[in-house]
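Undergrad: Starting off with a structure, shown below.
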Amino acid sequence: MENFGNFTMYAKDREAAGAVCLTKVQGNAGGEIDKRVMKDLVSLRTFHMEYDICSRKGRLPACFARAFGLQVGPYAMLRDQNQNEIEVAIEKKSGKVYFADGWTFLKTFYGILAGGWVTFIFANRHLFLIEVRNLYGGELEYPRLDPPLRVLLESQAAKDYRKSFVRYGNNALFLPTVFCHTMVKQLTSEDVSSGFLKLNWLGFCQSTLPAESTEITLIDYLGYPWKLLMEFGRDGDMTCLFKGEWEGVCRARCLVQGSTVKFGVTESCNNSVMYLCPPQMLVLKSMLPPCANAGGDGPSYRFEQYLWKN
């Protein structure tokens, strides 16, 4: 039985899964540790659910609803390994999360029979990576089409929503993994308490942003868009101020004085969208004292913990 890690297509999508796979561990962690961390983080966002062919809705596991229910958008894409995408509506009620409109299309498209199961990775609030299996655990065949199938909901609400949020890439709904330019900043007390972010104009901002006051959309590492108004500082101090919803970003992502944030853009210049990359992780290593009953100095044991920095 294959797993997600064996799909070459998923190699790129897994790096974008919820943006956590962009995380680079710092300090004394090497490449192999980094890969293990990414694998573990993806596993924490992998869930299994029954496909009831007699129901028009699919209820997501309760553990998913508790952990990520608030993050899921009102509409999301279900993508298989051949990049076929099916849009579904998300319904939330009494602490439960359901796949609603569009869910029944999976039965027809994949030929799901009684006892089928769906395994999914919660990539971000607009994207789920899926596997479909039968009652006995065998994986169903995913149609290989050129171009891949893309089924969108026809309701006016779904159309309006698709126009309202920033699309990640040409025809996909996942966060970018490669940036043309990036910058790192350590936040000051003014940045988190004044309601605006102050950056030097020379360098990153001058190279990547429009040279006029404009609205910038900031996409955080969970996929949420925030509207920022960029204005130039006064008295010719060569700075630019980002107002609007910046205070909400600080509250939602627990940014405080001393927090280090990283911004990235995907175009070489005149960007109207800027990305807030996920925080780094700390690698903590500890040495346990030798056992009292051990001979000599006794063995020492090392363990590692991987924690969000903020």
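Undergrad: What is the local net charge at Val88, summed over the other residues whose Cβ is closer than 14 Å to its Cβ (Lys, Arg +1; Asp, Glu -1)?
TA: Charge balance near Val88 sits at +3.
Undergrad: What net charge is computed for the residues neighbouring Gly244, neighbours being all others with C-beta under 11 Å from the C-beta of Gly244, Lys and Arg scored +1, Asp and Glu -1?
TA: My count for the surroundings of Gly244 gives -2.
Undergrad: Using mean Cβ contacts within 10 Å as the protection proxy, how do 57-70, 119-132, 77-90 order, highest first?
TA: 119-132, 77-90, 57-70
Here, each number is a calculation from the coordinates, and none is a lab measurement. Here the structure is a predicted model, which is why all the values come from computation and not from measurement. As a convention, Cβ positions derive from the backbone with ideal geometry for all residues, glycine included, and neighbour counts pool all protein chains shown.
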